[in-house]
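Engineer: I am attaching a structure below and will ask some questions about it afterwards.
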Amino acid sequence: VQLQASGGGLVQAGGSLRLSCAASGRTITVLTLSWFRQAPGEDREFVAGISWSGGNPYFADSVKGRFTISRDNAKNTVYLQMNSLKPEDTATYYCAAVPYRSRPSTSGNEYLYWGQGTLVTVSS
């Protein structure tokens, strides 16, 4: 499985961005997909995840109410819609996947596949 993340960029505080993660090599219908982020000098942290089997997505407390995660099975792509962006959202964002996990894990160690990262910079 290969994951290709895109959609990062520079945005002002309060703005929006939509990240995409296109998968190849396997249908996302069997993949639990999540987004993580890592700011300079910080540990990687879980942002949002969606199970392969459906159900409610999961979000870090820091992004609840501002970010949404969705999947388009026809395009084999998962999206992270980020609204009301804050400077503290500045980070490199990575998509990650693991087959058949019942619920997204907040630990990156549980994922088998990773995208290359896309940089999001939020200016104040």
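Engineer: Just name one of THR90, ALA13, GLY65: the one whose Cα is farthest towards the positive end of the charge dipole of the chain (beta-carbon charges, Lys/Arg +1, Asp/Glu -1).
Structural biologist: Toward the positive end, the furthest listed residue is GLY65.
Engineer: Express the Stokes-Einstein translational diffusion coefficient of the range 1-105 in µm² s⁻¹, to the nearest whole number, given a Kirkwood radius over alpha-carbon pairs, 4 °C and a viscosity of 1.567 mPa s.
Structural biologist: 94
Engineer: Comparing ALA22, ALA48, ALA60, which has the greatest mean-square fluctuation in the GNM of the chain with Cα pairs linked when under 10 Å apart?
Structural biologist: In this elastic network of the chain, the residue with the biggest mean-square fluctuation among ALA22, ALA48, ALA60 is ALA60.
Engineer: Which whole number of Å³ per residue matches the convex hull of the alpha-carbon atoms in the range 59-120?
Structural biologist: Details: hull volume 6.9 nm³, N = 62.
Considering the Cα atoms of the range 59-120, their hull volume per residue is 111 Å³.
Engineer: Quick check: at a probe of 1.4 Å, how many percent of the accessible area of the chain sits on carbon and sulfur atoms?
Structural biologist: On the way: 2770 of 6180 Å².
Roughly 45 percent of what the probe reaches on the chain is carbon or sulfur.
Engineer: For the range 76-101 and the range 32-58, what is the centre-to-centre distance using only Cα atoms, to the nearest Å?
Structural biologist: 6
Engineer: Now, a different point. Per residue, how much accessible area does the chain show when a 1.4 Å probe rolls over the protein heavy atoms, in square angstrom? It would help to have the intermediate numbers written out before the result.
Structural biologist: Working: 6180 Å² over 124 residues.
Averaged over the residues of the chain, the accessible area is 50 Å².
Engineer: Excluding SER124 itself, calculate the net charge of residues whose Cβ lies under 15 Å from the Cβ of SER124, where each Lys or Arg counts +1 and each Asp or Glu counts -1.
Structural biologist: Numbers: positive: LYS86; negative: GLU88, ASP89.
Surrounding charge for SER124 is -1.
Engineer: Then there's this: Which trypsin sites (Lys or Arg not before Pro) in the range 35-104 pass both tests, a DSSP loop state and at most 12 other beta-carbon atoms within 10 Å?
Structural biologist: Listed in order of number, the matching sites are LYS64, LYS75.
The values are calculated or read from the model by the stated rules, or taken from the named source; none is laboratory data. Please read these numbers as outputs of a predicted model, since none were measured by experiment. As a convention, Cβ positions derive from the backbone with ideal geometry for all residues, glycine included, and neighbour counts pool all protein chains shown. Note: areas computed on protein heavy atoms with side chains; ligands, DNA, RNA excluded. Shrake-Rupley method; radii C 1.70, N 1.55, O 1.52, S 1.80 Å.
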